[in-house]
1. Using the structure shown, select from Lys35/Lys67; Lys31/Lys86; Lys53/Lys81; Lys34/Lys86; Lys34/Lys76 the pairs with a Cα to Cα distance greater than 20 angstrom.
2. What distance in nm lies between label points placed 7 Å from Cα along the C-beta direction at Arg100 and Arg59?
3. Taking θ as phi - 60°, what are the ³J(HN,Hα) couplings along region 87-92 by the Karplus curve (6.51, -1.76, 1.60), each to the nearest whole Hz, with x for Gly and Pro?
4. Nearest 5 percent is fine: what portion of the DSSP beta bridges confined to region 18-101 is antiparallel?
5. State the dimensionless ratio Rg/Rh of region 16-56 (Rg: radius of gyration of Cα atoms; Rh: Kirkwood radius).
6. Loop-only check: which trypsin sites (Lys or Arg not before Pro) in region 33-74 are DSSP coil with at most 14 other Cβ within 10 angstrom?
7. Rounded to whole Å and sorted largest first, list the principal axis extents of the Cα atoms in region 32-105.
8. Which parts of region 42-61 would a label at Arg84 reach, counting a residue when its backbone N lies under 14 Å from a point 7 Å out along Cα-to-Cβ?
Amino acid sequence: MKRPWPLKAAQAMSKGKGHVPIRTCISCGTKKPKKELIRLVLDEEGFVVRDEKGSMPGRGAYVCPKKECWEQLDKKKRLNKAFRAKRTLRLHPFSAEWKRDLARD
Ligand SMILES: [Zn+2]
């Protein structure tokens, strides 16, 4: 029987020793594995939306799943820098609901 991957490689991946993409939170600057951060993208109306599946096209930005980080996004023009936009970007109005799901720590 042939394995597509050597078993050792598969084990290393599952322990996080393989290639883990690291991204930086645009709010607090913490570097984390990509899957621990929430991906943000610009929608066609120019609002910043949460990319639920992490697969929406376009330039992405990453933010921690923490209330503090989300509050900072609106206040400090972090979004403009992250998306290199000249005008002021805002989170989509739906973001009020996303924030309710976020943990405070
Ligand atoms: Zn953060």
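FYI, it's all coordinate maths here, none of it is from the lab. Here the structure is a predicted model, which is why all the values come from computation and not from measurement. We place every Cβ from the backbone using ideal geometry, glycine too, and count neighbours over all the protein chains shown.
1. Lys31/Lys86; Lys53/Lys81; Lys34/Lys86; Lys34/Lys76
2. Placing both labels 7 Å beyond Cα along the Cβ direction yields 3.2 nm.
3. 8, 6, 8, 10, 5, 4
4. So the antiparallel bridges amount to about 75 percent of the total.
5. Dividing the radius of gyration by the Kirkwood radius yields 1.04.
6. Lys53, Arg59
7. 32, 26, 22
8. 58-61
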